[in-house]
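Novice: I am attaching a structure below and will ask some questions about it afterwards.
FYI, it's all coordinate maths here, none of it is from the lab. These numbers were taken from a predicted model, which means no experiment stands behind them. Because the Cβ atoms are built from the backbone with ideal geometry, glycine has one as well, and the counts that use them run over all protein chains shown.
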Amino acid sequence: MKVKDAITWVAVAVSIAMPFTVINMVEAYLENGSALTRASLIEVDMVRLSQLSGDVRSLPAPDGSLLLTRHGLSSSEALQQRIKLAQTTFAQTRADVENTARRVWRNTAIGFFCVAISSWLAVTLAIVLPRKRADGSAAAA
């Protein structure tokens, strides 16, 4: 197989792979955005629950119970369980954010690498390995 044929086949393979790299990049960006949004919402919920816990502690017992009831909680123990659950969920979501961020970087690097390779292959095929003319001489660029 000639070098030009090999480079042509590599160019075709990279051209076929390009749409898939773009799809993977977009998917990674969407997943990362979704994970960041979830983390933000859970963080807001944790802050709200922590503020509620502080309010309940600062109020007399009957008023604290009334405040908990307004928020759909039966006792301060139920509030503490909700806070722990929110903290656990936030930790898991933070791990998801880190994983999706790594995936974004990896897929972006792969996408840019494919663009660089396809550009290099196009230049190589057009300039370095030009077609021969009918008279047998190479076409000048």
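Novice: Roughly speaking, what is the centre-to-centre gap between the range 68-117 and the range 1-58 when only Cα atoms are used, to the nearest Å?
Specialist: Centre-to-centre (Cα) distance: 13 Å.
Novice: Quick one: give the max-minus-min coordinate of the C-alpha atoms of the range 1-105 along each principal axis, largest first, in Å.
Specialist: In descending order, the Cα extents are 87, 17, 17 Å.
Novice: I need to check one value: relative contact order of the chain, counting alpha carbon pairs closer than 8 Å and at least 6 residues apart, in percent.
Specialist: 39 percent
Novice: Can you sort ILE23, ILE7 so the residue with the fewest Cβ neighbours within 10 Å comes first?
Specialist: Numbers: ILE23 12, ILE7 16.
Ranked by crowding around the Cβ, least crowded first: ILE23, ILE7.
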